[in-house]
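Q: Before anything else, here's the structure in question.
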Amino acid sequence: MTGFYCLNSNARYNGYLKELAVIAGINRNLNTHLARHALADMMLNIFEFSLEEVSKMLGHKSIRTTQRYTHQ
């Protein structure tokens, strides 16, 4: 089968994250939204990517959306 790709849904990834939280002893509901936010936060505040770079990677239409991750 060429040209066929199996894409996982957010629900499936949320299930994986829930399993990982149990294994790691994390008492928090992990989900894809939280993971996306954490990645953007790290790129901006630890690795010092520019706001424009992170905005483009996340597919934000407005830079204001990405500014939420700067904690300023």
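Q: Put a dot 7 Å past each Cα toward the Cβ at SER62 and LEU20; how far apart are the dots in nm?
A: Inter-label distance under the simple model: 3.0 nm.
Q: In addition: For volume of the Cα convex hull per residue in Å³, the choices are (1) 145; (2) 90; (3) 77; which was calculated from the structure?
A: Only one listed value fits the structure, namely (1).
Q: To continue, here is another question. Would you work out what percent of the accessible area of the chain, with all protein chains in place, is carbon or sulfur (probe 1.4 Å)?
A: The value for the chain is 56 percent carbon and sulfur by accessible area.
Q: Let me ask something additional. Kindly report the accessible area of the chain per residue (heavy atoms of protein chains, probe 1.4 Å, no ligands, DNA or RNA), in Å².
A: That works out to 85 Å² per residue.
Q: Dipole size in debye (nearest 20) for the chain around its Cα centre, Lys and Arg Cβ +1, Asp and Glu Cβ -1?
A: Roughly 280 debye for the chain.
Q: OK, next. Rounded to the nearest 500, what is the 222 nm mean residue ellipticity of the chain from helices alone, with -39500 (n - 2.57) per DSSP H run of 4+ residues and division by all residues?
A: Helix contribution divided over all residues of the chain: -17500 deg cm²/dmol.
The values are calculated or read from the model by the stated rules, or taken from the named source; none is laboratory data. Since this is a predicted model, take the numbers as computed values, not measurements. Counting neighbours? That spans all protein chains shown, and the Cβs are built from the backbone with ideal geometry, glycine included. Only protein heavy atoms, including side chains, enter the accessible area calculation; ligands, DNA and RNA are left aside. Shrake-Rupley method; radii C 1.70, N 1.55, O 1.52, S 1.80 Å.
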